[in-house]
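Written out below as structure tokens is the structure these notes cover.
The values are calculated or read from the model by the stated rules, or taken from the named source; none is laboratory data. Note that the structure is predicted; figures quoted are calculated from it, not measured. Every residue, glycine among them, receives a Cβ derived from its backbone with ideal geometry; neighbour counts consider all protein chains shown.
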């Protein structure tokens, strides 16, 4: 099931962002030469900064970059950190999270590009709905929290993690357990509790 979700996210990321390239170029060709293109938006969609017409090409350019992200991650052999005990699961988590964020970002860019001509014509003052930017950022934060929870749940951590260094012994406390007494793998909380015994 997890592999199927990852494949769907990767396909959706490529398809969505690939569609954003010709769509953005079409909108660019119809913008007036003196257009003030919004380049920065606030949490509630308000325009914070504008630039000249050529800057609009950043939007389809970003879509093009995001469309290649799933392909690049498959080709790149990134070094797995030493504390990872299950490299395949670690890579699957990172790839799925990356594709989800790129898909979400590409969708936001397309919505922004679609509304920029109306903003240029003064028909609206920002991105609609007004809470779209805030919702997008919130979802990205939730994805990051899910990744942290997966790591903390023991999917990728082992005895060689950041928690493997035993704290200094306190007066009257028992010595920390040796590595030979530990069974693998431990979650960070379990490992820390054993070392305090």
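So, residue 70, is that one farther than 26 Å from residue 126 by Cα, in contact with a helix residue (DSSP H, G or I) (Cβ under 7 Å, 6 or more places away or on another chain) and surrounded by 13 or more Cβ atoms within 10 Å (Cβ to Cβ) or not?
Values: farther than 26 Å from residue 126 by Cα: yes; in contact with a helix residue (DSSP H, G or I) (Cβ under 7 Å, 6 or more places away or on another chain): yes; surrounded by 13 or more Cβ atoms within 10 Å (Cβ to Cβ): yes.
For residue 70, the condition - farther than 26 Å from residue 126 by Cα, in contact with a helix residue (DSSP H, G or I) (Cβ under 7 Å, 6 or more places away or on another chain) and surrounded by 13 or more Cβ atoms within 10 Å (Cβ to Cβ) - is met.
Among the residues of the stretch 60-84, count how many are at pLDDT below 90, closer than 29 Å to residue 21 by Cβ and over 17 Å from the mean Cα position of the chain (by Cα). Quick ask: steps written out before the conclusion?
First, the residues of the stretch 60-84 that are at pLDDT below 90: 70-84.
In the following step, the residues that additionally are closer than 29 Å to residue 21 by Cβ were identified as 70-78.
Narrowing the set further to residues that are over 17 Å from the mean Cα position of the chain (by Cα) leaves 75-77.
Matching residues across the stretch 60-84 total 3.
Does residue 101 fit the bill of being within 19 Å of the chain's Cα centre (by Cα) and under 28 Å from residue 25 (Cα atoms)? Even if it seems obvious, please write down each step before you answer.
Details: within 19 Å of the chain's Cα centre (by Cα): yes; under 28 Å from residue 25 (Cα atoms): yes.
Spelling it out, residue 101 is indeed within 19 Å of the chain's Cα centre (by Cα) and under 28 Å from residue 25 (Cα atoms).
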Next item on the list: With the condition kept exactly as written, say whether any residue in the stretch 42-56 is crowded, with 19+ Cβ neighbours inside 10 Å, at pLDDT 95 or above and part of a helix (DSSP H, G or I).
Entry: yes
Notebook entry, point to check: Which of the residues that make up the stretch 1-54 are without any contact (Cβ under 8 Å) to a residue 12 or more places away in the chain and touching a strand residue (DSSP E or B) at 6+ places or on another chain (Cβ under 9 Å)?
Noted result: 40, 48, 49, 54
